[in-house]
Amino acid sequence: MTFSFRALLWLFSAACVYAAPGVFHPGEAWPDDRGRHIQAHGGGIIRVGDTYYWFGEDRGQDNPRELRHVGCYSSTNLAQWTYRNQVLKLANPEGFGRGWVLERPKVFYNAKTKKYVMYMHIDGALPGDGHGYKFARVGVAVCDTIDGNYQYLKSFRPLDHESRDIGQFVDDDGTAYLIFEDRPFGFRIARLSDDYLTVEKEICFIPEHMEGGAIVHYDGLYYLLGSKLTGWSANPNKYATAKSLSGPWSEFQDVAPPETNTYGSQSTMLLKITGTKTTSVIFMGDIWKPHTQWDSRYLWMPLEIGGGKMTLPKPREWTLDVATGEAKISP
Ligand code: GAL
């Protein structure tokens, strides 16, 4: 008697906590819990417990123009997002010149220091030079809580290299890496220091000029994805594979039919969802609208991945069950 009552209670509570699969509409406006289009462009995601946190450029129309903003949202199913905070509202911290930018913020959790560490591409014109994107640095900000107000610490050139677009990768063993574009030379993958406050060691240099760098480790292979250097205009994003992060990397191949220009998007992250039944890898991309940046859209799709091949399917509605890991694309 007691047992069946307990069993019933468990079934009832399990039914209550069961999260229905999230539904995704790539390319459409993506409202948060307030009904406002999500402001997390060029973003990244980390998971804490059962909650995912999405950080990105907040390019909201109402933001004060002299500041740069990072938005943070949370979700348990990756489809419905709750606005948490404008975690960084940054005034030009180091006298960057005209048109200074804060782009592609990524947050890592450091278990040793128990701090959340944000990396960002921070840039602007050099004094006396009208052209932007010349500082080519990463900025670092920290916080004790994931969605609190981050404190800007410093900027630097990782390992003394130029750094523009950045990507984040945390390997299965918890090691944290920064992927960065070093304009004169190519793509670099580098390990962060123990406290994550600096970039400590280069793991690999890839002599390709690519931006929007993203990595996933799937079924024994690393997949590295990036775009060409065409600014806000979409181009055919490409990927390579390797057994080790230090390479050697395969030839780069198209992730989507090249004439689609990655269906009008640019990579920002590859998100691995390991569930009870399967593992899915999600392509997270931005569809930039340079003249109405606040309305830039997101293209997220589950990738066809395995055996050294990775393909971005044609965008259409799909669902994801984060518990089982199953992604289903509408016919
Ligand atoms: C893109 C880059 C964006 C932004 C843009 C500016 O290539 O990925 O993050 O920097 O150029 O033109």
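The values are calculated or read from the model by the stated rules, or taken from the named source; none is laboratory data. Note that the structure is a prediction, hence the values are computed from the model and not measured. Cβ atoms come from the backbone with ideal geometry, glycine included; neighbour counts cover every protein chain shown. Just so you know, the surface numbers come from the protein's heavy atoms only, side chains and all, with ligands and any DNA or RNA stripped out. Shrake-Rupley method; radii C 1.70, N 1.55, O 1.52, S 1.80 Å.
Looking only at segment 33-78, which residues are among the acidic types (Asp, Glu) and farther than 15 Å from SER296 by Cβ?
ASP33, ASP50, ASP62, GLU66, listed by residue number.
Looking only at segment 171-183, decide whether some residue is open to solvent by 10 Å² or more (accessible area, probe 1.4 Å), closer than 30 Å to LEU67 by Cα and more than 16 Å from the ligand (Cβ to nearest atom).
Taking every residue of segment 171-183 in turn, at least one turns out to be open to solvent by 10 Å² or more (accessible area, probe 1.4 Å), closer than 30 Å to LEU67 by Cα and more than 16 Å from the ligand (Cβ to nearest atom).
Identify all residues within segment 202-256 that are within 11 Å of the ligand (Cβ to nearest atom) and either β-branched (Val, Ile, Thr) or in a strand (DSSP E or B) (or both); write none if there are none.
GLU211, GLY212, GLY213, GLY226, SER227, THR230
Just to be sure I understand, how many residues within segment 276-331 are assigned to a loop (DSSP other than H, G, I, E, B) and modelled with pLDDT of 95 or more?
Here the count works out to 22.
Please report, ordered by residue number, the strands (runs of 3 or more DSSP E) entirely within segment 35-130 with at least 3 residues that are over 24 Å from THR319 (Cα atoms), more than 16 Å from the ligand (Cβ to nearest atom) and open to solvent by 10 Å² or more (accessible area, probe 1.4 Å).
Because the criterion is at least 3 residues that are over 24 Å from THR319 (Cα atoms), more than 16 Å from the ligand (Cβ to nearest atom) and open to solvent by 10 Å² or more (accessible area, probe 1.4 Å), the strands (runs of 3 or more DSSP E) in segment 35-130 that meet it are 82-91.
Could you tell me which of the residues ARG36, ARG98, ARG47 is under 20 Å from THR268 (Cα atoms) and among the basic types (Lys, Arg)?
Unique residue meeting the criteria: ARG47.
When you go through SER233, SER227 one by one, which is the residue that is closer than 22 Å to ASP286 by Cα, modelled with pLDDT of 95 or more and open to solvent by less than 20 Å² (accessible area, probe 1.4 Å)?
Matching residue, one of SER233, SER227: SER227.
Hey, can you tell me all the residues within segment 185-201 that are within 16 Å of the ligand (Cβ to nearest atom) and surrounded by fewer than 19 Cβ atoms within 10 Å (Cβ to Cβ)?
GLY186, the sole residue that qualifies.
Going through segment 261-287 one residue at a time, which ones are farther than 27 Å from GLY325 by Cβ and either β-branched (Val, Ile, Thr) or touching a residue at least 60 places away in the same chain (Cβ under 8 Å) (or both)?
GLY264
If the requirement is being within 20 Å of the chain's Cα centre (by Cα) and open to solvent by 50 Å² or more (accessible area, probe 1.4 Å), which of these qualifies: PRO290, PRO315?
On inspection, the qualifying residue turns out to be PRO290.
Please determine whether any residue of segment 119-137 is touching a Cys at 6+ places or on another chain (Cβ under 9 Å) and closer than 30 Å to HIS25 by Cα.
Among the residues of segment 119-137, not one is touching a Cys at 6+ places or on another chain (Cβ under 9 Å) and closer than 30 Å to HIS25 by Cα, which makes the answer no.
Given the structure, is TYR263 open to solvent by less than 10 Å² (accessible area, probe 1.4 Å) and aromatic (Phe, Trp, Tyr)?
Here the answer is no, as TYR263 does not meet what is asked.
What pairs come up if the first residue lies in segment 218-231 and is within 15 Å of ASP172 (Cα to Cα) and of a type in the set (D, E, K, R), the second is open to solvent by less than 20 Å² (accessible area, probe 1.4 Å) and more than 16 Å from the ligand (Cβ to nearest atom), and their beta carbons are under 9 Å apart, counting only those six or more places apart or on different chains?
Final answer for the pair search is none.
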